[in-house]
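Participant: Starting off with a structure, shown below.
Quick note: the coordinates plus some simple rules give every number you see, no bench work behind them. All figures in this text were calculated on a predicted structure; none of them were measured in a lab. Positions of Cβ are backbone-derived with ideal geometry, glycine not excepted, and every protein chain shown enters the neighbour counts.
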Amino acid sequence: MAYSFPEEVLEHVFSFLSSARDRNTVSLVCKSWYEIERWCRHRIFVGNCYAVSPEIVIRRFPELRAVEMKGKPHFADFNLVPEGWGAYAYPWIAAMAEAYPFLEEIKLKRMVVTDETLELISKSYKNFKVLVLTSCEGFTTDGLASIAANCRHLRELDLRESEVEDLSGNWLSDFPDSCTSLVSLNMSCLGSEVSFSALERLVARSPDLRTLRLNRAVPLEKLANLVRHAPQLVELGTGAYSAEIRSDTFSSLADAFSACKQLKALSGFWDVVPSYLPAVYSVCSGITSLNLSYAAIPSSDLVKLISQCQNLQRLWVLDYIEDSGLEALAASCKDLQELRVFPSDPFGAEPNVSLTEQGLVSVSEGCPKLESVLYFCRQMSNAALIAIAKNRPNFIRFRLCIIEPQAADYLTLEPLDTGFGAIVENCKELRRLSMSGLLTDRVFKYIGTHAKKLEMLSIAFAGESDFGLHHVLSGCDSLRKLEIRDCPFGDKALLANAEKLETMRSLWMSSCSVSFGACKLLAQKMPRLNVEVIDERGPPDSRPESCSVERVYVYRTVASRQRLDMPDFVWTLEEDSSMRYS
Amino acid sequence: MDNHLQLHLALSTTSTRNLPRNDEKKRKFDESFSDDEMTSNKRTLPLLIWNDNRNMDCGCVDVEEHAVVGWPPVNSRMRKVAEHHRRESTASNYVTVDNGGGGGGGLNSMYVKVEMEGIGIARKINLGIFGSYQALTAALMAMFGKRREMYKLTYRDKEGDWLLAGDVPWERFVRSVRRLKLLKKVW
C-alpha cells in the first residue's frame, strides 16, 4: 500500500519494543507486520520447552540472538517429577547451532544439559556471551571446561542452583589468558575446590567483573585476596565464612571490603563464624540484597548484621532469625520488598526455633514496600493472616508453608480459609500464591472470586471436593500455572474446565483423584493440549479406567503430542486412537 | 464411572444441544452436584501419612524415614543445608541455647500427635494452649467433630506406656505426655 511505512521504518519502530508480549501483539496486526516483526525479533522466551518445537521456532524467527527456556514443571524441585521425565536441552541446541551461528545468549531453567550439549554450545556460536543454567542437571565440570576454553567472548557463566558432577576443579584453568571479558561468574553450586590461583588470575584479568559468586570450598582466608582484585564488584557470594579467629585475617578482610564502593548484594556465608561478620559492616549501608539462607547463626548475630543494612530490599534468611529478629528487621529496613524465611529443620517433629506467625505480622506492619514473601513456619492463625492482608494490600507474591500438612488455625482450630481469603481479597495485584494448612473448598471459592490477577497457584493437601478445583479454574482469569498435590480433586472439575486449560501454560496434579479415563477424554477433546499421564506403576490401561493416575501434567502445545523423548512411565494419547469413550 | 453423572464439556466445536455456554457452566456444574452421594463418597483424601515413627526423645532424625515425598517443599540444596545443620546442632546445642534447651520455649514446644480411632488422618495439637483436661477434650472433640461421651482419651507417656488420661494432675500430664489417642468407648 502506497501510504504504509517502508519496512525499515517499521523495523526501527519495533526495535523499541522489548517485551515479548508487545511483540506478539504487534505480529497479530496484519501479515506484513507479522513478517517484519519476525525478522527482527532477537530474543525469545519459551516457558515450556514442549509447547513448541525447535523447527517451528527456527522457521518463524530466523535472527535470534538470545533464547530463554524452561523445562520441567516447578514441582520437580521437590522430587515429584521422576528422573528421566524429559526437558533435554540437546535437541534445541543442536537445531539452533545450524540456524543461529550468531546466537549470544542461552538461559535454561530446569532442563537436562549434558556435557555434549555444553561442548556443542562452546563450538557452534562464535560470538557466545551468556550462559545461565538455573536448576539444571546432567553435566559435569568437563562441560564447563569446554565453555571456558572455547567461548572467547564469554561474559556470563551462571550456574545457579544446578546439580553439577564435580570431576575436577581444574576447569577454571581452561579460561585462556586472553579471556578478559567476564562480567558475571556464579559457581556457588559446585562442591569441590577449584584451583585458587586460576581463580585469582581470572578475577584479576577481568576488569568488568560485576558478579562473583564463589562456592563453599573457597576458604575465608583467601577471600580478601579475591575481593582486592575486584573492588568494582556489585554482587559477591562468599565461600565458607569461617576461619580461626585471627586479627590479621579479620583486618585484611575488612580492608578489602571497604574498597568495594559498589557492592549491592551479598550471599554465600556457609559455616558462618559470627566474629567475622563485622568485616562487611563497611559495605552494609549500600547493600540491597542479602542472602543468608545458608548461615546458621543465632538471631542476635543476624540482627546485628541486618540492622546495618538500612537500604535492604531483599532478604533471604533461615528461621534462626526468629520472631525477635524479624521485629528488628521491620524496625530497621523500611525499604524491604522481598523476604524469604527458610526452615532450618524442615523435617523435625517439633519447632527448634521461636519463629511463628508473629514474625511475619511484624514485618508486614513495619515494611510498607514489602510485596513478595516466602515464609516457612509451624503455626498460623486466621487472625494473623487477616492482619497481614490488611497491612499489605500491595503483595504480589505470597507463599506460605506451614510445615505440618493440614495444620489448622492454632488458636481456633478452624481451617485457614478466611485467612487466605483475606489475602486474595485485599491483595488485588497478587500474581503468585502458595497455600498450606487446613483448607476447605471455601478458600477456593474466595480465590476464584477475588484473585483475578493471579498467575500461579500452588496447592497441597487442601480442599474437599471437585468444587475447589472448579472455583479456581472458572474464576481465576489470569491463571497461567496451576500445581496441585494430594488434593481430592478429580475428573469433574477438570473436564468441565477443559477449555480453560488451553489458556494456561500448564496444570500439574499429583496424588489427586484424576482417573485415566478422564485423562483420555480430555486429550481426545482438546487436541492442542498434551495430557501426560506420569505413572510408575506400569501401563495405565492395565488397570481399570476409573483408577486414579499418580500424576497428570497437562500443557498447551503446538508441537507434536508424542514427544520423542518420552520415558516408559509417561503416556500420552496415541494420535491414531479412536474417538470413543466408555 | 457413575451412570447418572453428566460430564458437560463447554466446547464450542461440538454441536450437541444442551451444551452450556460459559455463563451457564457454573450452574450446570452445581446441578450435577446436587446429589449428596456424589459429594460424599467420591472424596478420596490424600495419602497423608505424617509419619512420626521417630522416638521424640532422641534428637536424631533420618530424613529418609520421612513418609511424605517432597514435603515440606524445600529444594535439594536446602535439604542438604538442613541435614548439615541438624548434625551440627545435635553435636552442640549451639543455636538452641537461648531457649533453655529442647527447642523453642514456652507455648510453642508442646505439640503432640493426636489420633482418633477410626479416622485415618492424624492431627497435631499444641498442649501449651490448654489449662485443663476439659479444655483439651473439648478442643479435640471440636477438631474431629465427634461427641465427647463416645470417646475416651488415652495417652502414651515418656516411658512408652499407654494410660487413661485424667488420673494425674494436668501439669504432670503435660510434662509426660508424648502422644494422644481417642478410643471409642465400649459399653
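Participant: Starting from the amide H of A:G237, placed 1.01 Å from N in the peptide plane, find each other amide H under 5 Å away whose residue is 5 or more places distant or on another chain.
Facilitator: HN-HN under 5 Å from A:G237: A:L212, A:R213, A:L214, A:S267.
Participant: Also: For the stretch B:109-187 and the stretch A:408-432, what is the separation of their Cα centres, given in Å?
Facilitator: After rounding, the separation between the Cα centres reads 28 Å.
Participant: A follow-up question, please. Kindly identify the protein assembly as shown as rounded, prolate or oblate by the Cα gyration tensor criterion: order the square roots of the eigenvalues as a ≥ b ≥ c, call it rounded if a/c is under 1.5, otherwise compare a/b with b/c, prolate if a/b is larger, else oblate. Numbers along the way, then the final one.
Facilitator: Values: a/c = 1.87, a/b = 1.09, b/c = 1.71.
Oblate, since a/c reaches 1.5 and b/c is not below a/b.
Participant: May I pose another question? Residue by residue through the stretch A:100-111, what is 3J(HN,Hα) from phi via Karplus (6.51 cos²θ - 1.76 cosθ + 1.60, θ = phi - 60°)? Round to whole Hz and write x for glycine and proline.
Facilitator: 10, x, 9, 4, 10, 10, 10, 10, 10, 10, 6, 10
Participant: So what is Rg over Rh here for the stretch A:477-565, counting just Cα atoms and using Kirkwood for Rh? Don't jump to the answer; show the numbers that get you there.
Facilitator: Values: Rg = 12.3 Å, Rh = 13.1 Å.
Rounded to two decimals, Rg/Rh equals 0.94.
Participant: With an 8 Å Cα cut-off and a minimum separation of 6 or more residues, compute the relative contact order for the stretch A:91-231 in percent. Before the final figure, lay out each step's value.
Facilitator: On the way: 291 pairs, mean separation 25.6, N = 141.
Reported as a whole number, the value is 18 percent.
Participant: Next question, about the same structure. Read phi for every residue in the stretch A:10-20 and hand back ³J(HN,Hα) as whole Hz from Karplus 6.51 cos²θ - 1.76 cosθ + 1.60, θ = phi - 60°, with x for Gly and Pro.
Facilitator: Couplings: 4, 4, 5, 4, 5, 5, 7, 8, 9, 6, 4 Hz.
Participant: While we're looking at this one, here's another question. Where a ≥ b ≥ c are the square roots of the eigenvalues of the C-alpha gyration tensor, would you call the stretch A:299-379 rounded, which needs a/c under 1.5, or, failing that, prolate if a/b is larger than b/c, or oblate? Walk me through the numbers before you get to the answer.
Facilitator: On the way: a/c = 1.98, a/b = 1.58, b/c = 1.25.
The shape class here is prolate.
Participant: Using the Cα gyration tensor of the stretch A:30-166, with a ≥ b ≥ c the square roots of its eigenvalues, what is the shape: rounded (a/c below 1.5), prolate (a/b larger than b/c) or oblate (neither)? Mind dumping the intermediate values first?
Facilitator: Values: a/c = 2.22, a/b = 1.29, b/c = 1.72.
Verdict is oblate for the stretch A:30-166.
Participant: Which of the listed residues, A:A145, A:T288, A:V424, is farthest toward the dipole's positive end in the protein assembly as shown, when Lys, Arg count +1 and Asp, Glu count -1 at the beta-carbon?
Facilitator: Selected residue: A:V424.
Participant: I need to check one value: relative contact order of the stretch A:461-518, counting alpha carbon pairs closer than 8 Å and at least 6 residues apart, in percent. Could you put the intermediate results ahead of the total?
Facilitator: On the way: 81 pairs, mean separation 24.1, N = 58.
Value for the stretch A:461-518: 42 percent.
Participant: Of the DSSP beta bridges with both residues in chain A, give the percent that are antiparallel, rounding to the nearest 5. Could the numbers behind the result be given before it?
Facilitator: Details: 14 of 87 bridges.
Around 15 percent antiparallel, to the nearest 5.
Participant: Could I have the simple spin-label model distance between A:D208 and A:S168, label points 7 Å from Cα toward Cβ, reported in nm to one decimal?
Facilitator: About 3.0 nm, to one decimal.
Participant: Given 37 °C and 0.692 mPa s, compute D for the stretch A:1-67 with the Stokes-Einstein relation, Rh being the Kirkwood radius over Cα pairs; round to the nearest whole µm²/s. Let's see the in-between values first.
Facilitator: Working: Rh = 12.7 Å.
After rounding, the answer is 259 µm²/s.
Participant: Residues with amide H under 5 Å of A:F398's amide H, sequence separation 5 or more or different chain, H placed in the peptide plane at 1.01 Å from N; which?
Facilitator: Distant-sequence amide H within range of A:F398: A:V373, A:R432, A:L433, A:S434.
Participant: Additional query: Please tell me which of these pairs span more than 19 angstrom C-alpha to C-alpha: A:K445/A:K500; B:K158/B:K184; B:K124/B:K152; A:K70/A:K428; A:K492/A:K520; A:K107/A:K129? Walk me through the intermediate numbers first.
Facilitator: Working: A:K445/A:K500 17 Å; B:K158/B:K184 23 Å; B:K124/B:K152 17 Å; A:K70/A:K428 28 Å; A:K492/A:K520 13 Å; A:K107/A:K129 11 Å.
Pairs exceeding the cut-off: B:K158/B:K184; A:K70/A:K428.
Participant: With contacts defined as alpha carbon pairs under 8 Å and 6 or more residues apart, what's the relative contact order of chain A in percent? Please list the in-between numbers first.
Facilitator: Details: 1348 pairs, mean separation 35.6, N = 582.
Reported relative contact order: 6 percent.
Participant: I would also like to ask the following. I'd like the Karplus ³J(HN,Hα) series for the stretch A:235-251: coefficients 6.51, -1.76, 1.60, θ = phi - 60°, whole numbers in Hz, and an x wherever there's a Gly or Pro.
Facilitator: In residue order, the calculated couplings are 10, 10, x, 6, x, 4, 9, 9, 7, 4, 6, 9, 5, 6, 4, 5, 5 Hz.
Participant: Same structure, new question: Can you list residues whose amide H is under 5 Å from A:G437's amide H, if they're 5+ apart or on another chain and H is modeled 1.01 Å from N?
Facilitator: A:I402, A:Q406, A:A407
Participant: Here's a follow-up. Could you work out the helix-only [θ] at 222 nm for chain A, with each DSSP H run of four or more residues adding -39,500 (n - 2.57) and the total divided by the number of residues, to the nearest 500 deg cm²/dmol?
Facilitator: Working: 21 runs with 185 residues, N = 582.
That calculation yields -9000 deg cm²/dmol at 222 nm.
Participant: Which value, in debye to the nearest 20, gives the size of the charge dipole of the protein assembly as shown about its Cα centre, when Lys and Arg are +1 and Asp and Glu are -1 at the Cβ? Present the calculation step by step, with values, prior to reporting the outcome.
Facilitator: On the way: 93 positive and 99 negative charges, 340 e Å.
With Lys and Arg at +1 and Asp and Glu at -1, about 1640 debye.
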